[in-house]
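Contents: one structure, followed by commentary.
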Amino acid sequence: MRKNVLFIFTKHFPYGTSEQYLVEELPYLEQKFDKIVFIPAENFDSTNLVQRTLPSNCEVLLLNEVATKAKTPLRMREVFAVFLGEWWRCRNKSWFWKERKRYKSVLLHQSHLASVLSGILTAKYQDYNPFFYAYWIHNSSIMLGLMKRRGAIDKFICRGHSIDLYEWDWVLTRYIKILPFYNFIIRNVDHVYAISKHGAAYLKERFPAMAIKFSFSRLGVQNQGINPFHDEAKFTIVSCSNFSDNKGVANIAEVISKMKTTVRWIHFGDGEGKEKVEKVMRESPKNVSVELRGFVPNEAIRMFYHTETVHLVINLSEAEGIPVSLMEAISFGIPVLATAVYGNPEVANENTGFSVPFPTETGIIASLIDEFAGNKKLQSQKRMAARNYFLSHFSASVNFKAFATELLNPR
């Protein structure tokens, strides 16, 4: 019997600290496939990055490094057809044409990678049943679309998160108005599994003729116990993200500074924009204490949840898929408060805590938290409800096991 090999196309994983979700998912994929090959899409120096420990049946293919030494034929007729087709279908033709050199460069590179990977599949994996899983609707999905168009592969699937799924996210974070070859990917992919109901609904509305291609498959986190709840503990709020404008950490700082309750705010994360937060906190009243802890490994945050009482985890992002930080919080029975954007209400809602419109005045949010801080009975109710909601919606053992089975029997 032929063995099954799963190719997973990531941005950096297993290098660096991003794409934490795959750490949770990998044990279930490992059980279903004989071999797993990770192919990171970004150009980076792997010797300068931490490599996560992988199971024995996993390996890494640095396709970009291999491709720099390989020569493949230029498929200019194909490139022209795909490029012209995307221009014709895209929503902002003037922007696409303005950035045509950038998009042409992306397409040429992915065409080269498609040829290189096709050769590797023939030379090294001809005795396996191959499965192709793009973790993002991203450049690797362009490559897979080209390979399918050429008949080098039969099928591939994608997950859809946030920045790779909602076109306007690129305006917020990268100031790019069009996802590269988004229409081409959607037309060629066999199925897209959005991580939220909102994401799946967006794709069905955006591409109604291909609605059968879209569904949602939630991410999940491990069941690691319950956060200790001590009555005497100072009211503690936690946030986890980088400091980009999209994440709204400066707004969290303003909320905290307007609270009347004696409060301790701990933020895990780093990056550009930290100075805005520090400026707000320098003017905070005496009832507020702040700890900006910088980047902390996910395991350390979980250990923190095991040992110290946390009353609320907050997220005031302008755009999100479904943040792991919120899923992990409710897994420990910690209530959450988040903006009602994209998939956020699927984890932050009346069951698990609070959902507020975006934007909401920081003073209104501060008053809401003050009221919650003064109501021990409500805190206890929300903690129990959050924990139960996690068990029924975001359990890794349920969600990832089902998704791994789905990969073996793609739609």
Mind putting together the pair-distance distribution for the range 195-254? All Cα pairs, 10 Å bins, whole percent per bin, short to long. 16, 22, 31, 22, 8, 2
Within the chain, which whole H helices from DSSP have a Cα span along their axis of at least 24 Å and a mean Kyte-Doolittle hydropathy of -1.0 or more, if any? 100-124
Packing-wise, with mean Cβ within 10 Å as the measure, how do 15-28, 72-85, 197-210 rank, highest first? 15-28, 197-210, 72-85
Please express the shape of the range 277-317 as an equivalent ellipsoid: the semi-axes are the square roots of 5 times the eigenvalues of the C-alpha gyration tensor, given largest first in whole angstrom. 23, 13, 11
Farthest toward the dipole's positive end in the chain, which of Phe181, Phe243, Leu292, given Cβ charges of +1 (Lys, Arg) and -1 (Asp, Glu) about the Cα centre? Phe181
Taking every pair of alpha-carbon atoms in the chain, give the share separated by more than 29 Å as a whole percent. 48
Once the convex hull of the alpha carbons of the range 1-135 is built, what does its volume come to per residue, in cubic angstrom? 153
Expressed in nm², what is the orientationally averaged projection area of the convex hull enclosing the Cα positions of the range 77-128? 4.5
Based on the Cβ-Cβ distance of Lys69 and Lys234, what FRET efficiency does E = 1/(1 + (r/R0)^6) give at R0 = 45 Å, to the nearest 0.05? 0.20
Check: the chain dipole with +1 on Lys, Arg Cβ and -1 on Asp, Glu Cβ, in debye: 1420
Simple SL model, points at 7 angstrom along Cα→Cβ for Arg91 and Ser367; separation in nm is 3.5
Taking a spot 7 Å from the Cα of Lys276 along the direction of its beta carbon, which residues of the range 309-348 have an amide N less than 20 Å from it? 314-321, 323, 338-342
Square roots of five times the C-alpha gyration tensor eigenvalues of the range 43-118, ordered largest first and given in whole Å, equal 31, 16, 12
Hull surface over four for the Cα convex hull of the range 311-409, reported in nm², is 6.4
Distances over 22 Å make up what percent of all Cα-Cα pairs in the range 110-245? 51
Relative contact order (%) - the chain, alpha-carbon pairs under 8 angstrom, separation at least six: 14
For the Ser380, Asn223 Cβ pair and Förster radius 25 Å, calculated FRET efficiency rounded to 0.05 is 0.80
Per 10 angstrom bin, beginning at 0 and ending with the bin that holds the maximum distance, the Cα pairs of the range 53-193 fall in percents of 11, 39, 36, 12, 2
Percent relative contact order of the range 291-356, based on C-alpha pairs within less than 8 angstrom and at least six residues apart? 28
For the chain, built as a Gaussian network whose Cα springs stay under 10 Å, the top-fluctuating residue of Pro40, Pro345, Pro357: Pro357
Which entries in Lys32/Lys213; Lys286/Lys382; Lys279/Lys377 show an alpha-carbon gap greater than 25 Å? Lys286/Lys382; Lys279/Lys377
FRET E, pair Leu391, Leu108, Förster distance 51 Å, beta-carbon r, rounded to 0.05: 0.60
Take the alpha carbon gyration tensor of the range 308-369, find the square roots of its eigenvalues, order them as a ≥ b ≥ c, and report rounded if a/c is under 1.5; if not, report prolate when a/b exceeds b/c, else oblate. oblate
Space enclosed by the convex hull of the alpha-carbon atoms of the range 347-402, per residue, Å³: 84
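Every read-out reported here was derived from the displayed coordinates using simple, explicitly stated rules and does not represent laboratory data. Not measured: the values here are computed from a predicted model. Glycine also receives a Cβ, built like all others from the backbone with ideal geometry; neighbour counts cover every protein chain displayed.
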